[in-house]
Ligand SMILES: Nc1ncnc2c1ncn2[C@@H]1O[C@H](COP(=O)(O)OP(=O)(O)O)[C@@H](O)[C@H]1O
Ligand SMILES: [Mg+2]
């Protein structure tokens with residue numbers, strides 16, 4: 001049974017068709033990326049999973065049960081860091097735990113040791129505006145991951161980072177994922193990132209998004225910092241090709 005299953009999802013927003021007959025599945029402990037051009041409907045797909053949007057057609061199953069009848073299983077990192085500017089970093093990080101009913105003092109005690117891992121040691125009492133973009137994104141990722149939900153939904157978590165910080169955070173996520181094995185859905189438009197981190201990759205067409213390809217990544221982990229296998233290099237090329245070929249030209 002899949003941890004997550006989307007079946008024939010159709011979605012329109014303000015009369016614009018956004019998702020067209022999208023079906024996908026994610027196994028328990030699997031790392032799946034959704035790759036697609038900007039504006040195709042990737043964030044909307046995640047917003048369906050957190051029930052911020054309702055599909056017009058199709059159904060979503062979580063552990064075999066309809067989404068609307070399942071207990072909340074998702075930790076969600078929205079595309080923009082969405083930190084609350086009036087809350088100190090530590091109080092931003094515990095937000096998800098507070099929502100789960102953990103008392104603030106207990107939640108702070110739980111997250112404090114993680115600040116070093118996230119490269120935010122000493123910034124617990126700072127406000128978001130006092131941090132760089134990369135640091136804010138790490139704080140947002142931390143807020144998502146400390147919730148320790150069985151499923152992590154990450155919407156372009158490294159999008160705003162400079163190349164070096166991005167590589168560093170990808171390595172960090174790879175290590176953490178290998179240890180924790182959360183069921184993970186990563187939305188990205190970065191081919192290299194998808195190949196580095198995923199077990200499988202779904203490729204979406206431009207809007208209205210349909211699934212135009214699905215690939216499994218052959219390489220063993222850890223992958224980051226190592227040379228890709230010839231198969232993975234070919235996969236990167238195939239992914240780029242799929243993304244760059246207008247759908248109408250496909251034979
Ligand atoms: N509330 C809304 N009303 C109308 N159109 C929307 C709304 N939200 C998003 N869209 C449109 O839906 C499309 C998909 O958006 P989104 O899921 O954010 O794409 P992506 O994350 O792939 O860049 C975009 O063209 C966007 O303009
Ligand atoms: Mg998006």
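Summary value for segment 80-149: 49 percent relative contact order, contacts being C-alpha pairs under 8 angstrom separated by 6+ residues. Shown is the FRET efficiency for residue 216 and residue 79, computed with R0 = 25 Å from the Cβ-Cβ distance and rounded to the nearest 0.05: 0.45. The alpha carbon centroids of segment 5-49 and segment 73-113 are separated by 26 Å.
Measuring spread by the Cα atoms of segment 80-149 yields a radius of gyration and Dmax of 10.7, 30 Å. Dividing the helix sum by the residues of the chain, where each DSSP H run of 4 or more adds -39500 (n - 2.57), gives a mean residue ellipticity at 222 nm of -9500 deg cm²/dmol. If you run the Gaussian network model on the chain, springs between alpha carbon atoms under 10 Å, then out of 153, 204, 48 the most flexible one is 48.
Kirkwood Rh over Cα pairs of segment 30-99 into Stokes-Einstein at 25 °C, 0.890 mPa s: D in µm²/s? The estimated diffusion coefficient comes to 169 µm²/s.
Could you compute the FRET efficiency for residue 175 and residue 56, with r as their C-beta to C-beta distance and R0 at 45 Å, rounded to 0.05? Taking R0 as 45 Å, the efficiency between residue 175 and residue 56 is 0.70.
In the Gaussian network model of the chain, springs joining C-alpha atoms below 10 Å, which of 78, 113, 150 carries the largest mean-square fluctuation? Looking only at 78, 113, 150, the biggest GNM fluctuation is shown by 113.
Taking the 0 to 90 degree range and rounding to the nearest ten, how far is the long axis of helix 133-145 tilted relative to the main principal axis of the chain, both from C-alpha atoms? Approximately 90 degrees, to the nearest ten. Average projection, convex hull of the Cα set of segment 1-148: 10.2 square nanometres. Label sites at residue 87 and residue 245, each approximated as a point 7 angstrom past Cα along Cα to Cβ, lie 4.6 nm apart. Cα extents for the chain along the principal axes, largest to smallest and rounded to whole angstrom: 58, 44, 33. The Cα-based radius of gyration and maximum Cα-Cα distance (Dmax) for segment 130-247 are 14.8, 44 Å. Among 39, 96, 14, the residue with the largest mean-square fluctuation in a Gaussian network model of the chain, with springs joining Cα atoms closer than 10 Å, is 14.
Between helix 163-180 and the chain there is an angle of about 90 degrees, using the helix long axis and the longest principal axis of the Cα atoms. Annotation: extensible slack from residue 238 through residue 164 equals 24.1 nm (criterion: 0.36 nm per residue apart, minus Cα-Cα distance).
Take the Cα of residue 16, step 7 Å toward its Cβ, do the same at residue 132, and the gap between the two points is 3.4 nm. The calculated FRET efficiency for residue 229 paired with residue 2, based on their beta-carbon distance and R0 = 30 Å, is about 0.65.
Read-outs throughout are calculated quantities, based only on the coordinates presented, and are distinct from any laboratory measurement. These figures come from a predicted structure and were not determined experimentally. Because the Cβ atoms are built from the backbone with ideal geometry, glycine has one as well, and the counts that use them run over all protein chains shown.
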